[in-house]
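Following: one structure in structure tokens, then a few remarks.
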Amino acid sequence: MRSNPRRTLAIFSILLLSVLFVLCPAHAENIKIGIPSLTVTMLPVAVAKEQGFFQKEGLSVETVLMPAALNI
């Protein structure tokens with residue numbers, strides 16, 4: 001049974017990308033999160049920011065109040 005070169009290349013590529021994603025963390029520093037209003041649905045973002053969860057991951061998060069249509 002002969003191996004398919006395309007399949008071998010695809011498997012190798014997937015393994016290589018998986019290793020790179022695990023070993024190379026993203027270096028995002030400043031992130032702006034647009035929120036449409038101050039409601040209960042946005043509470044997890046506020047709690048995560050206050051508890052320092054974003055900061056532990058090396059992210060500086062700013063919440064911006066803006067209309068939902070602009071948020072997209």
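The values are calculated or read from the model by the stated rules, or taken from the named source; none is laboratory data. Bear in mind that the values here come from a model prediction, so they are computed numbers and not experimental data. Because the Cβ atoms are built from the backbone with ideal geometry, glycine has one as well, and the counts that use them run over all protein chains shown. Ligands, DNA and RNA are stripped out before the accessible areas are found, and what is left, the full protein with its side chains, is counted by its heavy atoms. Shrake-Rupley method; radii C 1.70, N 1.55, O 1.52, S 1.80 Å.
Results, tabulated for the structure shown:
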quantity	calculated
For Phe21: the one exception among (1) modelled with pLDDT of 85 or more; (2) assigned to a helix (DSSP H, G or I); (3) open to solvent by 100 Å² or more (accessible area, probe 1.4 Å)	(1)
Leu43 of a type in the set (A, V, I, L, M), open to solvent by less than 90 Å² (accessible area, probe 1.4 Å) and at pLDDT 75 or above	no
Options Ile11, Ile33; residue that is open to solvent by less than 60 Å² (accessible area, probe 1.4 Å), on the phi < 0 side of the Ramachandran plot and at pLDDT 85 or above	Ile33
Residues being outside any loop (DSSP other than H, G, I, E, B) and surrounded by 12 or more Cβ atoms within 10 Å (Cβ to Cβ) - total across the stretch 46-59	6
Among (1) at pLDDT below 85; (2) in a helix (DSSP H, G or I); (3) surrounded by 10 or more Cβ atoms within 10 Å (Cβ to Cβ), the one test that Leu38 misses	(2)
